[in-house]
Amino acid sequence: MSKKNKKQEVVEPQVEEKEVEDTQENELTAEEKLQEELAKEKDKFMRLFAEFENYKKRTSKERVELFKTAGEEVMQSLLPVLDDFERALTHIEDDKEAEELRKGVLLIYQKLLTTLEQKGLSAIEVNSGDTFDAEDHQAITQIPAPTDDMKGKVIDIVEKGYKLGDKVIRYPKVVVGQ
């Protein structure tokens, strides 16, 4: 019996050691699980934080753009009025009897133009002889060029173009030599 007892004694400590090792492994896996969960939560938090920062930047940029071009619709509706003033001034200049009328119309036109320029409106400069660029001009028609060097160039400006800040709100309408 003593041999059996010895075997039992020997076997029993091995079982106890295995149980201790199993509990340590369970504890390590539980600790590892917690660390993994913590890492996942940190990653989720960082992604959410970055997304929120991007949202703040995007909305502030959109707000700035909105303020820059808030008057765009109003400016576009006033552009035909500017065109009418310019047409009136070219026709009044021919009539010498209407000198006082011309001065009054010119004064109102300059005041309106100054006010709109203070709000960010600027005319796009285009001259006859400039090279036609489809990104900067709107061709309304093509006519035979009076000379060979005027082919592909602006012959006449039918309507001025305007920018509001850096944004083009109306492209200049031009006649192009063919």
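Nothing in this text is a laboratory measurement; each read-out follows from the coordinates by a stated rule. Just so you know, these numbers come straight off a predicted model, no measurement behind them. Cβ sites come from the backbone with ideal geometry, for glycine too, and all protein chains shown count toward neighbours.
Where both residues lie in region 72-177, what percent of DSSP beta bridges are antiparallel, nearest 5? Here the share of antiparallel DSSP bridges comes out near 70 percent. About its Cα centre, the dipole of region 48-178 is roughly 680 debye, where the only charges are +1 on Lys and Arg Cβ and -1 on Asp and Glu Cβ. Using Cβ point charges alone (K and R +1, D and E -1), the dipole size of region 120-178 about the Cα centre works out to roughly 240 debye.
Which of LYS57/LYS167; LYS103/LYS167; LYS68/LYS160; LYS61/LYS173; LYS61/LYS167; LYS111/LYS160 have a Cα-Cα distance over 24 Å? Going by Cα-Cα distance, LYS103/LYS167; LYS61/LYS173 fall outside the 24 Å limit.
For region 72-128, the Cβ-based charge dipole about the Cα centre amounts to some 200 debye (Lys, Arg positive; Asp, Glu negative; other atoms uncharged).
Site pair LYS119 and LEU106 shows an inter-label distance of 2.5 nm when each label is modelled 7 Å from Cα along Cα→Cβ. Available extension along the chain between ALA70 and GLU32 is 8.1 nm, counting 0.36 nm per residue and deducting the alpha carbon span.
Subtracting the Cα-Cα distance of ALA88 and LYS56 from 0.36 nm times their residue separation leaves 6.6 nm of extension gain.
Set against the 2.2 N^0.38 Å expectation for a compact globular protein, region 72-177 has a Cα radius of gyration ratio of 1.22.
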